[in-house]
Structure formats: structure tokens, C-alpha cells
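Any read-out appearing in this document is the output of simple, stated calculations on the displayed coordinates, not a laboratory observation. All values reported here derive from a predicted model rather than from experimental measurement. Cβ coordinates were reconstructed from backbone atoms using ideal geometry, including for glycine residues, and neighbour counts include every protein chain displayed.
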Amino acid sequence: MDNAISGQRLNWKRETMTQAANTLQFYNTETKRKEPFTSIEPGHVRMYTCGPTVYDFAHIGNYRAYVFEDVLRRYLHYRGYRVTQVMNLTDVEDKIIRRAQEKGITIFEHTVPFIEAFFEDLDTLNIEQAEHYPRATDYIPQMLEIIRTLREKDYTYERDGSIYYRIAKFQSYGRLSGIRPDEVKSGARIDSDEYEKDDARDFVLWKGRKENEHFWESEFGPGRPGWHIECSAMSKEFLGDHFDIHTGGEDNIFPHHENEIAQSEAASGVKFVNYWLHCRHLLVDGEKMAKSKGNFFTLRDLIQRGHHPSAIRYFLVASHYRSPLNLSEEALKASHAAWTRIMDFHTRIVEIIQRKVDAPRVEALDAEWKKFVTQFETHMDDDLDTPRALASLFDFIKESNKILDANPIAQSQAKQLLDTLKRVDTVIGVIKEEEALLDEEIEQLIQLRQDARKQKKFALADKIRDELANQGIILEDTRDGVRWKRR
Ligand code: AMP
Ligand code: ZN
């Protein structure tokens with residue numbers, strides 16, 4: 001949808017926020033307990049989310065992480081926070097270089113199509129846009145700046161044209177993952193971007209140039225950055241030295257995030273991140289879904305098999321982010337059924353509003369929705385407990401349906417129900433609004449189109465007409481103005 005339209009609808013959504021009464025708390029990987037959340041800057045959350053390595057299509061396991069981060073972001077909005085989210089794109093890395101070399105093309109030629117596919121997938125899964133998507137290759141000077149500072153503070157050493165981080169010098173190395181720095185073999189180094197869990201070693205900050213590899217000139221000699229320094233540089237650039245939340249999948253805890261802490265704190269001298277949140281892996285037959293294991297599905301694979309994007313999103317949202325989740329055909333079917341129940345309820349309320357039948361308020365229904373909102377917020381406040389929050393949504397739908405079977409309700413009440421549902425869906429993100437546009441929304445869009453035409457923004461006007469046509473709304477320009485009807 002055009003930005004002007006989606007922007008307008010987004011503002012409308014935000015206005016319906018309330019301030020929940022409970023304390024919002026998150027499980028912090030670093031302290032290994034749930035902690036009440038307070039932002040460094042009142043009302044504003046700054047968060048960094050490790051993004052994709054764009055050497056191939058992201059798999060649905062990656063999207064478990066991105067959907068979890070999306071729910072986190074959306075719930076922070078729901079609670080009234082402004083959020084500045086950064087998601088990096090790792091566009092230089094061992095695998096990317098290997099693949100580009102195999103194809104005889106540059107790393108940029110190799111990554112661009114996968115970056116485009118990634119943004120398409122985010123849209124398909126109704127993942128809200130982060131504020132910044134920096135690409136690693138655009139921040140090489142910032143990475144070099146941190147390496148320079150680390151060298152001045154004697155955290156680095158050089159071997160064979162590469163610069164390494166001396167982890168034994170960083171006092172609290174291991175505090176995130178629990179891996180003890182005294183397990184490090186003195187001088188044992190690691191060059192690869194990928195290495196095994198528990199293998200604590202001095203890691204590479206700047207890799208000396210190898211033949212046929214893309215490289216940058218630097219004061220440390222020609223070369224390219226290691227993976228970990230990318231995130232330290234891009235988080236600093238957009239969020240500063242100290243920010244609120246850093247997230248990723250559980251495989252990011254060690255070595256990636258442990259190394260980010262070591263680099264960033266040694267360079268800045270201040271605490272890097274207040275809350276570390278990690279989601280458990282998406283599994284297939286009990287094993288981590290991963291490209292290297294060959295047991296992966298892309299989002300496109302699942303859609304091709306006939307799964308609806310909203311049902312896939314529901315599947316990812318409905319489990320708690322810290323529980324393992326197993327992908328199976330049955331689980332996706334169950335998710336489809338659950339999502340359909342939400343959509344049916346939504347349609348039922350929309351139809352009540354469209355029929356414009358009015359009746360006295362039903363008090364029992366007021367009590368149900370108040371109870372539901374309290375429960376929903378209580379569960380979401382408790383470390384984003386989506387399974388319980390959704391269970392209370394289904395209780396609410398069941399009880400409301402019983403009441404609606406027995407009584408006509410007041411229009412004001414129906415609108416309140418719809419508002420509640422939409423407000424909850426600003427977090428869950430599975431209701432396909434477009435599939436059931438309300439009369440007043442249609443009229444708003446028509447007005448927007450008229451305004452666009454007056455301002456001679458014909459492309460925008462046409463876009464709005466096409467968008468409405470996609471929703472089954474036909475426009476007729478008559479002498480008395482625009483008339484519309486449903487197809
Ligand atoms: P990568 O492209 O491998 O750097 O991964 C991007 C993000 O997806 C990181 O936050 C990973 O931790 C996360 N991730 C990778 N595999 C899975 C999985 N099977 N389940 C959940 N998250 C994953
Ligand atoms: Zn990262």
C-alpha cells in the first residue's frame with residue numbers, strides 16, 4: 001500500500017494505545033532472570049536486532065527471530081514507547097565471498113537480489129519496518145575507528161596481516177554466555193566467521209587480504225572486517241555506546257554477542273546493552289533449522305505449499321519466544337485454524353457494524369472485553385507471553401460469540417469490540433484488514449484519492465483506486481461525486 005495510506009492508518013492505530021497497569025518485564029540472557037524494563041531515555045527504546053547474512057534466501061527459522069523482534073517492537077509501541085530499531089544486513093562475510101567467487105561475480109552483485117527478497121518476505125509476514133537497515137559495507141570507516149581505539153588500548157595484536165582481539169584482557173569476557181575466558185588457550189586464534197560453541201578464542205577484527213577477495217585499504221593493511229565488529233560499529237553509529245535492548249537467535253549468544261560486548265565495552269569504557277533477549281531456535285524434527293544442515297524451508301517454500309502468510313505468522317507468534325518450536329505440517333494447519341477463528345470473529349463484528357442495527361449495550365460483553373484486555377496486557381507484560389495472551393483472546397472470542405448469538409448489541413459496543421481487536425492486532429499482526437474494509441475506511445480512502453487528484457498527484461490517485469479495486473471496491477466517477485460499491 002502507498003505510504004500515505006498506510007501511514008495514515010498506522011497513526012490511527014497508535015492513537016488507540018493505552019498505558020497498561022502492570023510492570024513490563026523481560027528475561028535478560030545476561031542476568032538469567034526476568035527484570036522490570038526501564039528505558040535509558042524515558043519513553044524511547046533503542047534496540048539493535050542482528051539481521052540476515054544475505055548470502056541466500058532467509059529460512060523460516062530466521063523469521064522466527066525477526067517475528068519475535070517484531071512482536072517485541074510492536075508491544076513496546078502498544079505500551080506507548082517510541083522505538084528506534086536497527087537491523088543490520090551482513091553483506092560481507094565468508095559465505096558471501098565464497099558464493100560470489102563460485103559465480104564469478106562481485107559480493108554486491110551476489111547480495112542485492114537476496115536483500116530485495118528479504119524485504120519482500122518481511123512484508124509478506126507483516127513485519128513492521130525497522131527505522132534503520134544499515135549494510136555492513138557502508139560502515140567500514142566506523143569499524144576501523146573502533147579497531148583503532150582497541151589498538152590504542154592494547155586489546156589487539158597483529159598476526160600475518162590480520163588484527164585479533166585479545167579476549168584474555170577483557171575482564172568480564174564470558175559474562176553473557178557463561179563461557180570462561182580462562183578456557184582460552186593463550187594466543188589461540190580464530191579467523192572464520194563461524195565457529196563452534198564453547199570454543200573461546202581470540203577472534204579476528206580485521207582479516208588481511210586474500211587473493212581474489214573483496215578488500216578495503218586501511219591503516220592495518222588491505223583487508224576486510226570480521227563479522228562481530230560489524231554489529232559493534234553499526235549499533236554505535238545509530239544507537240550510541242549504551243542502549244536498551246539487543247536481540248537475536250540463541251546461536252548469536254556465543255560467540256557473536258559475547259564478542260560484541262568485548263569490543264564495544266573495551267572501546268567505549270561504558271556498559272554496552274541493558275537487556276539481552278534471545279529466541280530459541282525453530283526446529284525441524286527436533287533439530288535446528290539451518291542452511292548447513294539442509295533441513296530448511298524458506299517462506300516462499302511454505303507459501304508454495306499452500307500456507308497462508310498470516311497462518312505462518314500466527315504459527316511463529318503463538319509460541320513463546322523462549323520455547324523451542326517445531327515446524328510441522330500439522331502445526332501449520334492448527335495455526336491456520338486458529339487464525340481463521342480470529343478472522344471470523346473480526347468479520348462478524350464488521351458485519352454487525354455494517355448492518356447498522358442498534359440495540360442497548362449488553363453489560364456482560366463489556367465485562368468480557370475489560371477482562372480480556374487486562375489479561376492480554378498482563379501476559380504480554382510478562383516477558384511477551386504470547387501463548388497465554390492468545391489463550392485469553394480465544395476465551396474472549398468464545399464468550400463474546402455466545403453473547404452475540406443471544407443478543408443484538410449496541411453499535412457503540414460493536415465499534416469498541418472492533419477497536420479492541422484491532423488494538424490487540426497491532427501486536428499480533430494477523431488480521432487482514434484489507435479483506436474487510438469498513439465503509440468509513442473506504443470513504444476515507446476515496447477522500448484521499450480526491451485530494452490527490454486535486455493536487456494533480458495522479459499516480460497516487462490511481463494507486464488508491466487500484467488498492468480499493470484489490471479489495472473488491474469499485475469506484476464510479478459521477479457528476480454528483482464518487483460512488484462506490486462492493487464487487
Ligand atoms: P544469520 O543470517 O544466520 O546471521 O541469522 C539471522 C538471525 O536468525 C539471527 O538472529 C539468528 O540467531 C537467527 N536464526 C538462525 N537460525 C535460526 C533458527 N533455526 N531459529 C530461530 N532463529 C534462527
Ligand atoms: Zn550481529
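Label sites at residue 301 and residue 157, each approximated as a point 7 angstrom past Cα along Cα to Cβ, lie 4.4 nm apart. In plain terms, the chain from residue 477 to residue 432 could stretch by 13.4 nm, reckoned as 0.36 nm per residue minus the Cα-Cα distance. With contributions of -39500 (n - 2.57) from each DSSP H run of at least four residues, the per-residue ellipticity at 222 nm computed over the chain stands at -15500 deg cm²/dmol. Taking amide H as placed 1.01 Å from N in the peptide plane, residue 321 has its amide H under 5 Å from the amide H of 386, each at least 5 places away in sequence or on another chain. Taking amide hydrogens as modeled 1.01 Å from N in the peptide plane, which residues meet the under 5 Å criterion relative to residue 82, leaving out close sequence neighbours? Those qualifying (amide H under 5 Å, at least 5 residues apart or on another chain) are 44, 45. Pairwise Cα distances in the chain exceed 32 Å for 48 percent of all pairs.
When each of the peptides 44-51, 296-303 is scored by the mean number of other C-beta atoms lying within 10 Å of its residues, the order from highest to lowest reads 44-51, 296-303.
For a label point 7 angstrom out from the Cα of residue 214 toward its Cβ, which stretches of the range 110-148 have the backbone nitrogen within less than 12 Å? Under cut-off, by backbone N: 110-115, 135-140.
Here the range 199-213 and the range 454-474 have alpha carbon centers that stand 53 Å from each other.
Using a 7 Å offset from the Cα along the Cα-to-Cβ direction at both residue 340 and residue 124, what is the distance between the two label points in nm, to one decimal? The modelled label-to-label distance comes out at 2.2 nm. Full extension of the chain between residue 364 and residue 116 yields a length gain of 84.4 nm, computed as 0.36 nm times the residue separation minus the alpha carbon distance.
If the segment from residue 148 to residue 347 were pulled out straight at 0.36 nm per residue, it would be longer than the present Cα-Cα gap by 65.7 nm. What FRET efficiency comes out for residue 22 versus residue 109 if R0 is 56 angstrom and r is the Cβ-Cβ distance? Round to the nearest 0.05. With R0 = 56 Å, the Cβ-Cβ based efficiency is 0.65. Of the peptides 143-156, 97-110, the order by per-residue mean of other Cβ atoms within 10 Å, starting with the highest, comes out as 143-156, 97-110.
A convex hull fitted around the alpha carbon atoms of the range 438-487 yields 66 Å³ per residue. Look at the alpha carbon pairs under 8 Å that are at least 6 residues apart: their mean separation over the length of the chain gives a relative contact order of 17 percent.
Residue ranges 87-94, 64-71 sort as 64-71, 87-94 when ordered by packing (mean number of other C-beta atoms within 10 Å per residue, highest first).
Quick check on the chain: of the DSSP beta bridges with both residues there, what percent are antiparallel, nearest 5%? DSSP beta bridges in the chain are roughly 50 percent antiparallel. Taking label positions 7 Å along the Cα-Cβ direction at both residue 40 and residue 271, the computed distance is 1.0 nm, reported to one decimal.
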